[in-house]
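A quick write-up on the structure given underneath.
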Amino acid sequence: MVPFRQFLLKIHSRCNLACDYCYVYESVDQSWRDRPRTMAPGVVRRAAALIAEHAREHALSEVQVVLHGGEPLLVGAERLDAVLRELAGALDGVAELRLNLQTNGLRLVEDPALLPVLARHGVRVGVSLDGTPATHDRHRRRPGGSGSHADVARALRLLDGPHRDLYAGVLCTIDLDADPVETYEALLEFSPPRLDLLLPHATWQTPPPGLRGRASVPRTAPGAHPAEPVPYARWLCAVFDRWYDAPRRETGIRLFEEILVLLLGGTARSEAVGLTPVDLVVVETDGTIEQADSLKVTYPGAPTTGLDVHRHTFADAARHEAFRARQRGRAGLGPVCAACPRAAVCGGGLYAHRYHPGATPTPFAAPSVYCPDLAVLVDHIAARLRRDVTALRTAAQPVPR
């Protein structure tokens, strides 16, 4: 059994934005409608106790708790402080507690009481920003239709200033209509310690923008240059080259760093690439224990396990077949991915992106809907790395006399 080390708590199930690509509210799974808006104190207390119990049972030196939503900061400063105190008290003397929060940033500028609470508990804050004002406001709008970039920018300046120690980084969803380098440089304006560039959540049944015609699952691993278009690879390769060729390290980019580590024989810490067993579990506002939210784009009820914090433990969840299926490494891949020479690096892509109702033996046995794009990206980064390693080896050879 692989223990959980990451616990994502949905402390608020609603949002103050209406993003057009949201996998929670705009996907086929609409379970959010039947859940309470906020996580009740009793649910927080029970979840915190179970996290501590799980850490104790598995002798974990540290655990990571991610506060999520919806928009988690909608709980307000007082309730947020209560949640954080409950977690800290439960883990005290058991394991080091690392706290993170993912937000759209709006409440940071609307409620001045929130940042002192986050600072008091040492919560690392990630903010969603999709590049330039025009690109961001095309997707990340308020319910009334107005853009949100200006206020997100204000929030990021707060984090980049007096609260730099809380600033975890920026999360950006890729928009093919946006220039990749312009997008990257717009994100750099806020000096993020790290960036996450995310492929839009999609499946073979509902392909992503720019790939609406991608409906045929590859029967073999793609070659170095797939015949079909790979717009996401081209977008990401452009950003990689700009980032990699910079005269100094401007920021970290998680996807690229993970691929580089894997190419060098290391282990990834992301479920987007690599074959590391998944160690994340979700607790919804009503206490139900679920798998990752990304599965909400596949079919209604896909993340459900039938478990909850009132009647079960995280050990029960770790033994659940739904989690175990995502912890088998190469053996858990479909035949195309298992035979692919890139499998150790791309890992078949994100689990949700593999979904195809006709795949066998399970609907998640298909390669990622981004398979050709991932192939080109991995090959591109490998070629850059190979060239530089060769140059270093050549430079290190003694000069003949």
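The single condition from (1) open to solvent by 50 Å² or more (accessible area, probe 1.4 Å); (2) out of contact with any Ser or Thr (no Cβ under 6 Å at 6 or more places or on another chain); (3) not β-branched (Val, Ile, Thr) that Asp160 fails is (2).
Take residues that are at pLDDT 95 or above and not small (Gly, Ala, Ser) and tell me which of the helices (runs of 4 or more DSSP H) falling wholly in region 249-352 contain 1 or more.
On the way: elements: 254-263, 314-319, 321-324, 335-338, 343-346.
Once the helices (runs of 4 or more DSSP H) in region 249-352 are filtered for at least 1 residues that are at pLDDT 95 or above and not small (Gly, Ala, Ser), what remains is 254-263, 314-319, 343-346.
From the list Arg342, Arg324, Arg311, which residue is open to solvent by 50 Å² or more (accessible area, probe 1.4 Å), within 23 Å of the chain's Cα centre (by Cα) and among the charged types (D, E, K, R)?
Criteria check complete, one pass: Arg324.
Name every residue in region 98-115 that is over 19 Å from Pro162 (Cβ atoms) and crowded, with 23+ Cβ neighbours inside 10 Å, in order of residue number. Answer for region 98-115, where residues must be over 19 Å from Pro162 (Cβ atoms) and crowded, with 23+ Cβ neighbours inside 10 Å: just Asn104.
Inclusion of Thr304 among residues that are open to solvent by less than 10 Å² (accessible area, probe 1.4 Å), more than 16 Å from the chain's Cα centre (by Cα) and of a type in the set (S, T, N, Q) is not warranted. On the given criteria, is Gly70 touching a His at 6+ places or on another chain (Cβ under 6 Å), in contact (Cβ under 8 Å) with a residue 12 or more places away in the chain, closer than 23 Å to Asp175 by Cβ and open to solvent by 10 Å² or more (accessible area, probe 1.4 Å)? So Gly70 passes the test. Checked across region 358-369, the condition of being under 25 Å from His58 (Cα atoms) and among the polar types (S, T, N, Q) holds for no residue.
Go through region 37-130 and tell me which strands (runs of 3 or more DSSP E), entirely inside it, have 2 or more residues that are in contact with a Gly (Cβ under 8 Å, 6 or more places away or on another chain). Give the derivation first.
Working: elements: 62-68, 96-103, 124-128.
Ranges flagged: 96-103, 124-128.
The values are calculated or read from the model by the stated rules, or taken from the named source; none is laboratory data. It should be emphasised that the depicted structure is a prediction, and the values quoted were computed from it without experimental measurement. Cβ: placed from backbone, ideal geometry, glycine included. Neighbour counts: every protein chain shown. Note: accessible area is taken over every heavy atom of the protein model, side chains too, but ligands, DNA and RNA are not part of it. Shrake-Rupley method; radii C 1.70, N 1.55, O 1.52, S 1.80 Å.
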